[in-house]
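Read the figures in this text as sums done on the coordinates, not as results from a lab. Just so it is clear, the model here is predicted, and its values are computed rather than measured. A quick note on method: Cβ atoms are made from the backbone with ideal geometry, for glycine too, and the neighbour counts reach across all protein chains shown.
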Amino acid sequence: MRKTMIGALVLGVIAAAAIAQTDVLAQSAPADTVKTRQDLMESFWPKYYRSFVQVARGESTDIASIPETARQASAEVRKIPALFPPGTGKDAVAKTRAKPEIWSQRADFEAAATKLADETDKLGQIAARGNLDEVKAQVAVIGQACAGCHGGPTKSGGKFRFEE
């Protein structure tokens, strides 16, 4: 009888520990997702879009690198909707600036991400032709596509983003 009680006690402790671990993992998952998406979003400017703007402003003449950079940027942009699953808003993770409209207007949000990816793809195609004026015009279109979610500079907020 004593062995049975000790066995039951050990099983109870193991079960309680497993449940506690599951709760911790469930609570950290939204924060991990938010961190992943924030890291991705913060990478867009330095890794991709800065170089496009530098060419458009005449600060660089490296049009030849744009097609590949645009392809990479577009592939990363297409990941955005998946990084905003339900349960990763401000109600779950205080440090996110994602507005509830991301989930309540999901079709608009996904369309905005698709538009940015498509316009970035188009930039790559235009740059491959080597026409600087067309590149400049397309960079402006990409800026408008970014504003579809962000609404401008970081502190401005936007349709899908709270102000800092």
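For the range 81-86, what does the Karplus curve 6.51 cos²θ - 1.76 cosθ + 1.60, with θ = phi - 60°, yield as ³J(HN,Hα) per residue in whole Hz, taken in order and with x for Gly and Pro?
Rounded to whole hertz, the list is x, 5, 8, 10, x, x.
So how strong a dipole does the range 30-156 carry about its Cα centre when Lys and Arg Cβ are +1 and Asp and Glu Cβ are -1, to the nearest 20 debye?
Dipole magnitude for the range 30-156 comes out near 320 debye.
Could you check the simple spin-label distance between LYS79 and SER104, using points 7 Å along Cα→Cβ, in nm with one decimal?
3.0
How big is Rg to Rh over the range 30-156, alpha-carbon atoms, Rh as the Kirkwood inverse-mean-distance radius?
The Rg/Rh ratio comes out at 1.01.
By how many nm would the segment from SER43 to ARG57 lengthen if fully extended, with 0.36 nm per residue of separation less the alpha-carbon distance?
Going from the current span to full extension adds 3.0 nm.
If amide H atoms are built 1.01 Å from N in the plane of the peptide, which residues on other chains or at least 5 residues away come under 5 Å of the amide H of ALA98?
The answer is PHE162.
List the residues, sorted by chain then number, that are 5 or more residues from GLY151 or on another chain and whose placed amide H is less than 5 Å from its amide H.
Close amide H contacts, sequence-distant or interchain: LYS159.
If a paramagnetic tag sat 7 Å from the Cα of PHE162 along the Cα-Cβ line, which residues of the range 98-140 would have the backbone N under 19 Å from that point?
98-106
Taking 0.36 nm per residue of sequence separation and subtracting the Cα-Cα distance, how much length would be gained by fully extending the chain between LYS95 and LYS122, in nm to one decimal?
6.4 nm
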